[in-house]
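K.L.:
Take a look at this one; I'll ask things after.
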Amino acid sequence: MSWDTVELASVADINPRMPRGLTGDLGVSFLPMAAISEDGQIDYQEERTVEQVRKGYTYFRRGDVLVAKITPCFENGKATKTETLNDEHGFGSTEFHVIRGNPDEMLPEYAFHLVWNPYFRKEAKANMTGSAGQKRVPADFQNGSRSPSRPSTSSGGLRGYWMRPTPCAAAAARPSPCSPPSRARSSRRCSGTPR
């Protein structure tokens, strides 16, 4: 069976901009790096106002997927879905990349499994930029990453495949068996201090 691939940026927005019109006194959820576990969970949320976090932080909204971009947080598995966000809008560490699937083409569950896939992490690590200890996964890598779409021999187009995500789907474009996210972590711990 043949699998087509598409660029991630064609089915998702990477690091979408904050919308206009958010009033300064609006309550939002705030997620520092330390709030994201290495098991893909949100451990806690802080309450802030837009005015407190409008500048100098990363914007996202409920349903987006966050993934750490800095070493060793990225290698250690810091990524999460945000459907449990207390507020519709959120802000967090500048060391997060945000992935927002296009509504008719990619579910958050699929995007999350994609960035947690060992093959994706290996490729992203090889493309990190920066000096030792401060290497980051660049946004250009996220934009250009290729992900399997629905098999070309099936009907239903992209929607049919993205809307039925599984942990193994992100590995479907390569012949090796699908395996769960690697729990092998960097010997260094992510301190959770990145802003």
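Residues checked against (1) hydroxyl-bearing (Ser, Thr, Tyr); (2) part of a loop (DSSP other than H, G, I, E, B); (3) closer than 20 Å to residue 61 by Cα; (4) in contact (Cβ under 8 Å) with a residue 40 or more places away in the chain:
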| residue | (1), (2), (3), (4) |
| --- | --- |
| 90 | no, no, yes, yes |
| 109 | no, no, yes, yes |
| 122 | no, no, no, no |
| 134 | no, yes, no, yes |
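K.L.:
Also: Just one of 59, 44 is under 24 Å from residue 140 (Cα atoms), modelled with pLDDT of 95 or more, of a type in the set (Phe, Trp, Tyr) and surrounded by fewer than 24 Cβ atoms within 10 Å (Cβ to Cβ); which is it?
P.N.:
59
K.L.:
Quick one: in segment 32-69, which of the residues that are of a type in the set (A, V, I, L, M) and either assigned to a loop (DSSP other than H, G, I, E, B) or farther than 19 Å from residue 112 by Cβ (or both) is farthest from the chain's Cα centre (by Cα)?
P.N.:
50
K.L.:
Within segment 70-86, which residues are outside any loop (DSSP other than H, G, I, E, B) and closer than 17 Å to residue 130 by Cβ?
P.N.:
70
K.L.:
Can you spot a residue in segment 9-30 that is at pLDDT below 95, surrounded by 18 or more Cβ atoms within 10 Å (Cβ to Cβ) and of a type outside the set (Ser, Thr, Tyr)?
P.N.:
Checked segment 9-30: at least one residue is at pLDDT below 95, surrounded by 18 or more Cβ atoms within 10 Å (Cβ to Cβ) and of a type outside the set (Ser, Thr, Tyr).
K.L.:
Looking at residue 94, is it β-branched (Val, Ile, Thr) and either free of Cβ contacts under 8 Å to residues at least 40 places away in the same chain or on the phi > 0 side of the Ramachandran plot (or both)?
P.N.:
no
K.L.:
What number of residues within segment 5-31 are in a loop (DSSP other than H, G, I, E, B) and either in contact with a His (Cβ under 6 Å, 6 or more places away or on another chain) or not acidic (Asp, Glu) (or both)?
P.N.:
Looking only at that region, the number is 12.
K.L.:
Applying the selection to segment 62-78, what residues are surrounded by fewer than 24 Cβ atoms within 10 Å (Cβ to Cβ) and hydrophobic (A, V, I, L, M, F, W, C)?
P.N.:
Listed by number, the list holds a single entry, 70.
K.L.:
Identify, by number, the condition in (1) crowded, with 19+ Cβ neighbours inside 10 Å; (2) more than 28 Å from residue 47 (Cβ to Cβ); (3) touching a helix residue (DSSP H, G or I) at 6+ places or on another chain (Cβ under 6 Å) that residue 121 doesn't meet.
P.N.:
Of (1) crowded, with 19+ Cβ neighbours inside 10 Å; (2) more than 28 Å from residue 47 (Cβ to Cβ); (3) touching a helix residue (DSSP H, G or I) at 6+ places or on another chain (Cβ under 6 Å), only one is false for residue 121: (3).
The values are calculated or read from the model by the stated rules, or taken from the named source; none is laboratory data. A quick note: this is a predicted structure, and the numbers were derived from the prediction, not measured. Counting neighbours? That spans all protein chains shown, and the Cβs are built from the backbone with ideal geometry, glycine included.
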